[in-house]
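Undergrad: Before anything else, here's the structure in question.
The values are calculated or read from the model by the stated rules, or taken from the named source; none is laboratory data. The structure displayed is predicted, hence computed values, not measured ones. Note: ideal-geometry Cβ built from the backbone for every residue, glycine included; neighbour counts use all protein chains shown.
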Amino acid sequence: MAYFFLRTLIGQIILIALEALAVLVPLLIAVAYLTLMERKVMAAMQLRRGPNVNGIFGLLQAFADAIKMITKETIIPAGANRFLFLFAPFLTFSLAMLAWAVIPTGSGLAVANINVGILYLLAISSLGVYGTLIAGWASNSKYAFLGSLRAAAQMVSYEVSIGLVIVSVLLAVGSLNLNDIVLAQQHIWFCVPMFPMFIVFFISALAETGRAPFDLPEGESELVAGFFVEYSSLSFGLFFLGEYANMILMSGMVSILFLGGWLPPLGIAPFTWVPGPLWFIAKILFCLFVFIWTRATFPRFRYDQLMRLGWKIFLPMSLLWMIATAGFLLATGMLPQGAS
Amino acid sequence: MLQLIFYVFATILVASGAMVISARNPVHSVLFLILAFFNAAGLFLLAGAEFLAMILVIVYVGAVAVLFLFVVMMLDIDFTKMREGLQKYAPFGAAVGCILFAELVMAGLHWMFSPVMPLPITGGLGQMGGPVTNTGALGTLIYTHYLLLFQLCGLVLLVAMIGAITLTLRDRPTGRRQIISLQHERKRADTLEMMDLPLGQGTDANGGFLRPHDSYYVTAVPGSYGVPEAVEEEHEELVVREGEER
């Protein structure tokens, strides 16, 4: 009975909605605890205690912050473009959620296992800049505007090297499907043979999400808070959630492309007992820890240094590596012969 | 169902296309243009061309339109001036529009649908074995049959890129520049002088205040902030030589 109902159109829609919920609810909880993790880890690195009042070890801190943020007043500045001003945080947040549709947490365990999964991820992450750009323009404030201009140039620059790094991985995989990308790493994770590209990708991911040391779009010492100075209450909260969800997404991409996704480090007994999704989560947590570690360690880049790193170092390096990978695969006959 | 989705996409596409040219605010125009790109990508998806859809979003929405928006956002818009421009350019615009429309009508009148889809070049794809995704099909075509055209496209883009760089590159001698390798080569002994000072006398007894070693000024551009005149003269030779190396 239930089976037949699920085959109808309405049943399918309900099923997809449930699948989406099964991804989004854990994601939002993860975002809440990522903020706590960031504060705790940074506190430990700076010999402080971090939040420890709300709940045991401050476990309820994230929810206290969320309630505070929701109950504040939304202020729309005079002269702001009302619709775009409110649309921008919504866009940032929903794009950060949308990308999770194709991330496989286990073999074939994705809401949509599409053929061009990696291109979909690239497309969604390249759209992220619009939330920032629109927010900066619609706020009608010079600090916000300067922040959004910086963000636009920064994201477009680093997308180029991210794209080229992905191309070198795809050369070794022979498919654009995220599932196939992970399965191609059964023998060896790509972070070993492509170690330089792993580093380039990780640093570009830092720049793409606007995290320290590349947090120039919000550089609080020069631009107050950058593109979201004028935002308050829930609209600020959406930017905040979007930024952290993007961090988790980028960590997920690093895990899938270079750290073997849900695969255990070795295909032998004690490692294979742990289910795949747990490995995936562990790898994401590791990447997130490095994100926070970086923030606690490095001072902010100057803008010309940022551009120099992106265009004069990463771009030629990843281009060269791409050609070298293609040449190596062709010379050794290891080029994947093609289904897609 | 599929037809319904097609008409939704197509309607929004045409409507946002119309809004691009009718919106008062140029920023709104660009945003509508982005909406139009999106719906075009949706139509590609419906046609089963998922690769083209994604590339359309990545290239046009993710890069080209960002730069459009970037430029348009910085415009200082004066609406009254735009009105004047409208009256001035209206006849010319109308003429171009009429010509384009006439051409479209002429092409449309003689359009004939061939009863069978000719597939001469895609014929070889079937030999690859297994199902062919459209990414694979496109790649096979581009890198075999259309290789020359594809490479020529790349060359055209390269020429455009070099042109853009040539137009915008200005080699200003007054600009502040860093020579990163020189900065990395600096040792502590090059820049700092350690002094053993008697208590309460300060640095005066040892010939003035603590300041960076002279080699600091070699990496600095003459005339920029913080380079004293005297040192500049003293090291003129050195500075000039550095300048030539650049």
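Undergrad: For region B:21-37, what are the residues that are in contact (Cβ under 8 Å) with a residue 12 or more places away in the chain and either under 20 Å from the mean Cα position of the chain (by Cα) or surrounded by 17 or more Cβ atoms within 10 Å (Cβ to Cβ) (or both)?
TA: At the first step, the residues of region B:21-37 found to be in contact (Cβ under 8 Å) with a residue 12 or more places away in the chain are B:24-27, B:29-37.
Correct list: B:PRO26, B:VAL27, B:SER29, B:VAL30, B:LEU31, B:PHE32, B:LEU33, B:ILE34, B:LEU35, B:ALA36, B:PHE37.
Undergrad: Determine whether A:ILE134 is closer than 18 Å to B:ILE55 by Cβ and within 11 Å of another protein chain (Cβ to nearest Cβ).
TA: No.
Undergrad: All but one of (1) over 23 Å from B:SER29 (Cα atoms); (2) small (Gly, Ala, Ser); (3) away from chain B (no Cβ under 13 Å) hold for A:ALA78, so report the exception by its number.
TA: (1)
Undergrad: So in region A:115-129, with the set limited to residues that are more than 7 Å from chain B (Cβ to nearest Cβ) and among the aliphatic types (A, V, I, L, M), which one is nearest to A:ILE181 (Cα to Cα)?
TA: So the first thing to find is which residues in region A:115-129 are more than 7 Å from chain B (Cβ to nearest Cβ), and the list is A:117-118, A:121, A:124-125, A:128.
Narrowing the set further to residues that are among the aliphatic types (A, V, I, L, M) leaves A:118, A:121, A:124.
On the way: A:ILE118: 9, A:LEU121: 13, A:ILE124: 19 Å.
Restricting to residues being more than 7 Å from chain B (Cβ to nearest Cβ) and among the aliphatic types (A, V, I, L, M), the top hit is A:ILE118.
Matching residues to (1) away from chain B (no Cβ under 12 Å); (2) touching a residue at least 12 places away in the same chain (Cβ under 8 Å); (3) surrounded by 21 or more Cβ atoms within 10 Å (Cβ to Cβ):
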{"site": "A:ALA152", "(1), (2), (3)": "no, yes, yes"}
{"site": "A:LEU183", "(1), (2), (3)": "yes, yes, no"}
{"site": "A:GLN186", "(1), (2), (3)": "yes, yes, no"}
{"site": "A:VAL200", "(1), (2), (3)": "yes, yes, yes"}
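Undergrad: Now a separate question. For region A:204-245, what are the residues that are assigned to a loop (DSSP other than H, G, I, E, B) and of a type in the set (A, V, I, L, M)? Break it down stepwise before answering.
TA: Taking region A:204-245 as the starting set, the residues that turn out to be assigned to a loop (DSSP other than H, G, I, E, B) are A:209-215, A:219, A:224-225, A:229-232.
Passing the criteria: A:ALA212, A:VAL224, A:ALA225, A:VAL229.
Undergrad: Out of all the residues in region A:326-336, is one or more surrounded by 14 or more Cβ atoms within 10 Å (Cβ to Cβ), under 19 Å from A:TYR33 (Cα atoms) and either away from chain B (no Cβ under 13 Å) or touching a residue at least 60 places away in the same chain (Cβ under 8 Å) (or both)? Before you say what the answer is, go through the steps one by one.
TA: Going through region A:326-336, the residues surrounded by 14 or more Cβ atoms within 10 Å (Cβ to Cβ) turn out to be A:326, A:328-329, A:335-336.
Pick out the ones that are also under 19 Å from A:TYR33 (Cα atoms) and you get none.
Within region A:326-336, not a single residue is surrounded by 14 or more Cβ atoms within 10 Å (Cβ to Cβ), under 19 Å from A:TYR33 (Cα atoms) and either away from chain B (no Cβ under 13 Å) or touching a residue at least 60 places away in the same chain (Cβ under 8 Å) (or both).
Undergrad: When region A:154-165 is examined, which residues are found to be closer than 21 Å to A:PHE328 by Cβ and within 11 Å of chain B (Cβ to nearest Cβ)?
TA: Step one: filter region A:154-165 for residues closer than 21 Å to A:PHE328 by Cβ, giving A:161, A:163-165.
The answer is A:GLY163, and nothing else.
Undergrad: Among the numbered criteria (1) surrounded by fewer than 23 Cβ atoms within 10 Å (Cβ to Cβ); (2) within 14 Å of another protein chain (Cβ to nearest Cβ), which single criterion is violated by A:ALA110?
TA: (2)
Undergrad: Let me ask something additional. Which condition from (1) more than 15 Å from A:GLY210 (Cα to Cα); (2) touching a residue at least 12 places away in the same chain (Cβ under 8 Å); (3) part of a helix (DSSP H, G or I); (4) not acidic (Asp, Glu) is the one that A:ILE248 breaks?
TA: Going through the list (1) more than 15 Å from A:GLY210 (Cα to Cα); (2) touching a residue at least 12 places away in the same chain (Cβ under 8 Å); (3) part of a helix (DSSP H, G or I); (4) not acidic (Asp, Glu), A:ILE248 breaks only (1).
Undergrad: Among residues belonging to region B:1-20 that are modelled with pLDDT under 85 and not polar (S, T, N, Q), point out the one that is farthest from B:GLY62 (Cα to Cα). Lay out the reasoning, then the answer.
TA: First pass over region B:1-20, keeping only residues modelled with pLDDT under 85: B:1-3.
Cutting the leftovers down to not polar (S, T, N, Q) gives us B:1-2.
Values: B:MET1: 30, B:LEU2: 27 Å.
Per the criteria, the residue is B:MET1.
Undergrad: Another question about this same structure. When you look at A:LEU315, is it in contact with a Leu (Cβ under 8 Å, 6 or more places away or on another chain), surrounded by 12 or more Cβ atoms within 10 Å (Cβ to Cβ) and within 14 Å of chain B (Cβ to nearest Cβ), yes or no? First the steps, then the outcome.
TA: On the way: in contact with a Leu (Cβ under 8 Å, 6 or more places away or on another chain): yes; surrounded by 12 or more Cβ atoms within 10 Å (Cβ to Cβ): yes; within 14 Å of chain B (Cβ to nearest Cβ): yes.
The answer is yes for A:LEU315.
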